[in-house]
Amino acid sequence: MAENYLDRLNEQQRAAVEYCDGPQLVIAGAGSGKTRVLTYKIVHLLRLGFEPWRILALTFTNKAAREMRERIEELVGRETASKLWMGTFHSIFARILRSNAELIGFKSNFTIYDSADSKSLVKTIVKDMQLDEKIYKPAAVISAISGAKNALVSPEDYAISRDVIEADRRAKRPEMYAVYRAYRDRCVASGAMDFDDLLYYTNVLLRDNPDVLRHYREFFRYVLVDEYQDTNFAQHVIVTQLTRESGKLCVVGDDAQSIYSFRGANIRNILDLRHTYTDLSTFKLERNYRSTRNIINAAGSLIDKNRDQIPKQVYSENEKGVPIEVVKCYSDFEEAYQVASRVSQLKMRSGDSAEEFAILYRTNAQSRVLEEALRKRNVPYRIYGGLSFYQRKEVKDAIAYFRMALNPDDDEALKRIINFPARGIGETTVNRLVRRAIDDNVSIWTVIQQPDLHPAGLNAGTMRKLDAFAGLIAGFVQSNRSGDDASVLATEIIDRTGLFTMLLHDNTPESISKQDNLQELLNGVKEFVETRTEEGNSATGLADFMAEVSLATDQDSDSDSDEERVTLMTVHAAKGLEFNNVFVVGVEEELFPSAMAQDSPAQIEEERRLMYVAITRARKFCMLSYAGSRFRNGQTVACRPSRFLGDIDPEFLRLSTNDVLGASAPKVRPTVNYAASMAGSARSLNSLRSPGITAPRPVSSRQATTAGATASSAAGGDYTVHSVGELSENMRIEHAKFGGGLIVKIDSSGPDARITVKFDSTDERTLMLKFAKFAIV
Ligand code: ATP
Ligand code: MG
């Protein structure tokens with residue numbers, strides 16, 4: 001074990017690591033070493049003689065858990081590190097629940113429903129209860145159920161909770177309690193839990209089984225939690241249940257980074273610790289190790305605008321660094337182009353690997369244009385979120401069969417594949433089976449298997465098909481029971497179901513990519529079995545494989561390739577991570593802060609914390625960009641710069657207007673000192689805050705180089721339709737959607753005049769003059 005590990009900490013950090021006498025809260029700003037303290041504290045505990053399997057460390061993402069484990073491995077070796085109970089709340093609780101499932105009315109092979117399963121189940125229930133699908137929208141229903149579970153409210157409590165009932169009545173959803181109850185009952189009948197259930201039932205387990213609670217209280221000698229500001233009530237209650245008596249608890253957090261209140265997270269949990277543990281010791285870390293002084297100060301000036309926060313000191317001995325760059329773009333296309341070209345430029349100039357670049361956005365939908373621009377420049381990237389590998393249709397189909405092999409009561413898996421590949425079991429039949437299952441409160445599989453439960457009206461042909469299906473599934477269940485390893489069973493399933501052969505017949509590019517994905521899935525299973533076998537771990541069954549897969553969230557999806565890549569992710573997913581270079585895109589009103597936050601000061605504060613998280617991911621370089629127009633929900637809308645730009649002290653910013661526009665761009669990048677360009681900081685801040693800038697106002701690169709040119713007073717009109725007479729070849733134009741470009745051809749021969757434009761951000765496009773709106777620059 002590394003002897004000098006304590007030397008790698010400053011005095012405050014060391015004090016926090018060495019303190020093991022009671023409950024402890026470390027509260028400190030971004031980049032001050034909170035996660036480092038947790039990591040080293042685990043090493044310290046091992047050093048003091050704590051057994052690794054008695055240390056419980058909880059994180060929010062698998063990625064965070066993985067990174068922590070890697071650090072610890074370096075210090076104490078792989079063998080010891082592998083024995084730690086370290087992982088996300090969800091994965092650790094799933095493990096505890098599998099060992100005790102019978103006590104709460106489940107079997108240990110319970111399925112974990114992902115969000116698509118939950119949605120499909122809600123739809124079934126709403127339909128079955130004959131409620132209006134436009135009012136009982138799946139997202140609203142799921143959010144209500146999730147909120148209840150995270151607050152530890154059962155369907156029975158929900159039904160008598162006056163406030164909740166009143167709120168549902170106002171939302172015209174008076175039956176919500178019944179939907180929640182039906183959802184719970186269907187999950188139980190299917191032997192399934194959703195993500196929230198993993199927290200909810202862990203609490204039920206510990207609450208209703210005092211001996212189990214006692215067992216885990218004694219078993220875990222130390223509990224450590226990262227990012228405590230984002231725990232919800234259920235997580236908070238479980239953590240305090242486990243450690244209330246022993247006081248062996250260390251949590252770290254930063255109230256300024258609380259960004260999950262929409263999922264029930266509550267900063268109050270941190271403050272509540274003081275009441276739960278009267279002997280709580282609070283530690284502060286004040287030195288930031290991550291970012292340049294400019295970045296720290298900029299982020300500090302931003303978060304200062306929030307009223308609701310615990311005051312903190314931050315200092316840094318890092319270099320001052322360069323100002324944060326603020327870049328105005330004409331459109332989202334141009335923004336993507338700018339970011340892509342800045343990434344490749346900066347990569348060459350700084351020598352940083354692609355891994356040191358992150359592009360952060362507020363919503364997943366923003367990634368598509370960025371991906372396109374990066375592909376054009378051959379910049380390899382990895383995207384967290386969106387459709388992860390396990391969310392792709394063909395992979396989900398195969399996984400649904402895997403789930404059936406483990407737990408045939410899994411209704412959502414069954415509905416997905418009962419007629420896929422097509423075997424002539426029609427929708428009417430399935431609906432009848434579902435109806436019967438709901439009425440008898442059993443799973444659909446039970447209905448299929450028991451002839452006395454069969455709904456009336458199934459003809460002999462249908463019965464034969466159902467029998468064949470049941471035989472197929474029963475065969476998989478049998479193979480699993482007889483101990484086939486995951487790789488053998490997965491191959492058998494993909495072969496016998498015909499999932500693969502079905503694709504072979506269809507030689508389209510999509511089908512080939514689907515075949516690759518299925519092959520990739522099998523490779524993954526094989527690798528899993530081999531790795532486990534090498535480690536001497538005999539848990540190589542399909543259930544063991546699925547235990548990992550069902551908790552792989554979108555945010556954790558990772559590319560297997562070793563190639564270095566730029567990271568694209570939402571700001572939420574970036575929490576806790578760091579990169580040398582960070583690009584935050586779409587820094588606009590109605591996007592960041594989100595349109596949904598506009599009416600609520602509390603939500604605006606949360607969005608501001610989110611921006612604080614985004615900026616503080618950067619070690620050296622940070623760029624904030626916004627567009628004058630953006631393609632959203634099927635149309636181009638005008639955008640205004642975010643108020644958060646005005647919240648940051650201009651001293652730490654530098655405004656760059658349109659630059660690096662391809663071949664025609666000036667060699668020297670025209671940057672304008674932010675404050676000076678705005679003719680006084682007061683005015684500049686107002687101009688960013690003012691809702692006045694509603695339409696995109698093109699600024700040419702020539703104008704931007706002129707001293708005194710400002711973003712808001714730039715010449716150039718709004719985008720309009722032009723006639724052939726106004727145009728000539730080689731003229732530069734700015735298009736609302738495609739950004740800047742050069743007219744390469746004018747064609748007025750036909751009835752409708754057209755121009756061909758070589759856009760900087762996309763390829764050549766031909767536009768019909770009677771429709772195209774652009775500005776001449
Ligand atoms: P966040 O709030 O963003 O999660 P954090 O407080 O958890 O940040 P860490 O990620 O632990 O901060 O640390 C930030 C960076 O500073 C890491 O790269 C870490 O290795 C480095 N660091 C922290 N403390 C020290 C130290 N004493 N010496 C050298 N580097 C340090
Ligand atoms: Mg951290």
Output row, site residue 440, 7 Å Cα→C-beta label point, backbone N cut-off 18 Å, window the range 390-424, residues 408-412, 414-415
When 526, 149, 514 are ranked with the fewest other C-beta atoms within 10 Å first, the list becomes 526, 514, 149
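What is the mean projected area of the alpha carbon convex hull for the range 227-306, to one decimal in square nanometres?
If you wrap the Cα atoms of the range 227-306 in a convex hull and average its projections, you get 6.3 nm².
Between residue 272 and residue 308, how high is the FRET efficiency from 1/(1 + (r/R0)^6) when r is the Cβ-Cβ distance and R₀ = 22 Å? Nearest 0.05.
Details: r = 16 Å, r/R0 = 0.72.
Using R0 = 22 Å, I get an efficiency of 0.90.
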Taking the alpha-carbon centre of each part, the distance from the range 382-432 to the range 458-486 in Å is 15 Å
The percentage of Cα-Cα pairs in the range 389-551 separated by more than 23 Å is 42 percent
Sorting 179, 523, 322 by the position of each Cα along the dipole of the chain (Lys, Arg +1; Asp, Glu -1; all at Cβ), the one nearest the positive end of that ordering is 322
Dividing the mean separation of Cα pairs under 8 Å (6+ apart) by the residue count of the chain yields a relative contact order in percent of 15 percent
Taking Cα atoms only, helix 460-481 is inclined relative to the longest principal axis of the chain by an angle, in degrees rounded to 10, of 90 degrees
For the residue 603, residue 353 Cβ pair and Förster radius 45 Å, calculated FRET efficiency rounded to 0.05 is 0.75
Loop-resident chymotrypsin sites (Phe, Trp or Tyr not before Pro) in the range 720-777 with no more than 11 other Cβ atoms inside 10 Å, DSSP not H/G/I/E/B, are 771
Quick numbers on the range 71-126, Rg and Dmax over C-alpha atoms in Å, give 16.9, 53
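Could you give the length gained by full extension between residue 244 and residue 301, i.e. 0.36 nm per residue of separation minus their alpha carbon distance, to one decimal place?
Numbers: separation 57, 0.36 × 57 = 20.52 nm, distance 3.77 nm.
Between residue 244 and residue 301, full extension yields an extra 16.7 nm.
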Straight-line reach check, residue 320, cutoff 22 Å on alpha carbons, 8 or more apart in-chain or any other chain, hits among lysines -> 312, 347, 620
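Kirkwood hydrodynamic radius, computed over distinct alpha-carbon pairs, for the range 111-190: how many Å, to one decimal? Before the final figure, lay out each step's value.
Working: mean 1/r = 0.0793 Å⁻¹.
For the range 111-190, the Kirkwood estimate is 12.6 Å.
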Helix 115-128 sits off the longest principal axis of the Cα atoms of the chain, rounded to the nearest 10 on a 0 to 90 degree scale, by 70 degrees
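Based on the Cα coordinates of the range 720-776, what is the per residue volume of their convex hull in Å³?
Numbers: hull volume 3.7 nm³, N = 57.
Cα-based convex hull of the range 720-776, divided per residue, equals 66 Å³.
Which FRET efficiency, nearest 0.05, do residue 262 and residue 345 yield, Cβ-Cβ r, R0 30 Å? Walk me through the numbers before you get to the answer.
Working: r = 37 Å, r/R0 = 1.22.
About 0.25, to the nearest 0.05.
Determine the gain in length on full extension of the stretch residue 143-residue 368; use 0.36 nm per residue of separation and subtract their C-alpha separation, reporting nm with one decimal. Before the final figure, lay out each step's value.
Details: separation 225, 0.36 × 225 = 81.00 nm, distance 2.64 nm.
Net length gain for the segment: 78.4 nm.
Filter the cross-link list 305/575; 123/172; 393/737 down to pairs whose alpha-carbon distance in this structure exceeds 25 Å. Spell out each step's value before the answer.
On the way: 305/575 21 Å; 123/172 17 Å; 393/737 32 Å.
Distance filter (> 25 Å) returns 393/737.
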Whole-Å distance linking the alpha carbon centroid of the range 561-621 with that of the range 2-56 is 28 Å
Distance in nm between residue 763 and residue 82 label points, each 7 Å along Cα→Cβ, equals 5.0 nm
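On alpha carbon coordinates alone, what is the Rg over Rh value for the range 169-232, Rh being the Kirkwood radius?
Values: Rg = 16.5 Å, Rh = 14.8 Å.
Taking Rg over the Kirkwood Rh, I get 1.11.
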Computed over the chain: longest principal axis from alpha-carbon atoms vs helix 332-350 long axis, angle to nearest 10 degrees, is 90 degrees
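So if the hydrodynamic radius of the range 31-70 is defined as the Kirkwood radius over C-alpha pairs, what does Stokes-Einstein give as its diffusion coefficient at 4 °C and 1.567 mPa s, in µm² per second?
For the chosen part, D equals 120 µm²/s.
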Simple SL model, points at 7 angstrom along Cα→Cβ for residue 510 and residue 746; separation in nm is 4.3 nm
Rounded to the nearest Å, the spacing of the alpha-carbon centers of the range 732-777 and the range 64-105 is 57 Å
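What length, rounded to one decimal in nm, is gained on full extension from residue 595 through to residue 50, with 0.36 nm per residue of separation minus their alpha-carbon distance?
191.3 nm
Compute the relative contact order of the range 111-190 as a whole-number percentage, counting only Cα pairs closer than 8 Å that sit 6 or more residues apart in sequence. Walk me through the intermediate numbers first.
Values: 45 pairs, mean separation 24.4, N = 80.
Taking the mean separation of contacting Cα pairs over the length of the range 111-190, I get 31 percent.
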Of the convex hull drawn through the C-alpha atoms of the chain, the volume per residue in Å³ is 193 Å³
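No value in this document is a laboratory result; all are computed from the given coordinates. Treat the numbers as computed from the prediction; the structure is a model and nothing was measured. Quick reminder, even Gly has a Cβ in these numbers, built from the backbone with ideal geometry, and neighbours come from all protein chains shown.
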